[in-house]
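What follows is one structure encoded as structure tokens, with my remarks underneath.
The values are calculated or read from the model by the stated rules, or taken from the named source; none is laboratory data. Everything numeric in this text was worked out from a predicted model, so none of it was measured. Backbone-built Cβ (ideal geometry, glycine too); neighbour counts: all protein chains shown.
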Amino acid sequence: MVREITGGCCCGSVAFKLEDNFKKFFFCHCEQCRKLTGSAHASNLFTAPNNIQWLKGAEKTKRYEHPSRSFAKVFCTDCGSPLPFVSKSGKFLIVPAGSLNAEPSKVVDAQIFCAEQTQWHKAGIEAGKLPGFPV
Ligand SMILES: [Zn+2]
Ligand SMILES: [Zn+2]
């Protein structure tokens, strides 16, 4: 039996579960993914479109579609956390890895759109590592 992983948003309004059965895992450094996540890159897992069961709060989700390109995003209307969504093509469920409550067994396949990677990210991954807030 395939292991299940739960996930959800930061405020707890939305929760879901899915099977730990991912086909691909990419970090995407493109400008749109930076805007959509507010971070250095998106960390997206790809699985079958029907591999999700919403446990609560599905009515608290909203979908954004870019008007001309294939970008989309689903997020919690209370806290704004990104949540899984079916791609515009209908071929994949795209799962933001940070929305999961446990580590997926899939390892990252590749970092993509590295031509758009920011200098601050390149410098940041070399920065010192602290276990918590600086003291
Ligand atoms: Zn929320
Ligand atoms: Zn991207």
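Out of all the residues in the range 42-54, is one or more of a type outside the set (Val, Ile, Thr), within 16 Å of ligand 1 (Cβ to nearest atom) and not in a strand (DSSP E or B)? I'd like the intermediate steps shown before the answer.
First, the residues of the range 42-54 that are of a type outside the set (Val, Ile, Thr): 42-46, 48-51, 53-54.
With the extra rule that they be within 16 Å of ligand 1 (Cβ to nearest atom), the set shrinks to 54.
If we keep only those that are not in a strand (DSSP E or B) too, we end up with none.
No - not one qualifying residue is present in the range 42-54.
Yes/no per residue for (1) aromatic (Phe, Trp, Tyr); (2) closer than 15 Å to LEU100 by Cα:
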| residue | (1), (2) |
| --- | --- |
| LYS17 | no, yes |
| PHE25 | yes, yes |
| CYS30 | no, no |
| LYS35 | no, no |
| GLY38 | no, no |
| ASN44 | no, yes |
| PHE75 | yes, yes |
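For the range 41-70, the candidate set comprises residues that are under 18 Å from ASP109 (Cβ atoms) and hydrophobic (A, V, I, L, M, F, W, C); within that set, the residue that is nearest to ligand 2 (Cβ to nearest atom) is ALA42.
Annotation: of all residues in the range 59-71 being modelled with pLDDT of 95 or more and surrounded by 15 or more Cβ atoms within 10 Å (Cβ to Cβ), the one that is farthest from SER89 (Cα to Cα) is LYS60. Taken over the range 8-40, the residue count meeting the criterion of being within 16 Å of ligand 2 (Cβ to nearest atom) and either closer than 16 Å to VAL86 by Cβ or touching a residue at least 24 places away in the same chain (Cβ under 8 Å) (or both) is 14. Here is the figure for the range 63-116: residues that are of a type in the set (D, E, K, R) and touching a Phe, Trp or Tyr at 6+ places or on another chain (Cβ under 6 Å) total 3.
Taking first residues from the range 113-124 that are within 19 Å of PHE26 (Cα to Cα) and partners that are part of a helix (DSSP H, G or I), the Cβ contacts under 6 Å between residues at least 6 apart in sequence or on separate chains come to GLU116/GLU31. The sole residue among VAL74, VAL108 that is assigned to a loop (DSSP other than H, G, I, E, B) and either surrounded by 19 or more Cβ atoms within 10 Å (Cβ to Cβ) or among the β-branched types (Val, Ile, Thr) (or both) is VAL108.
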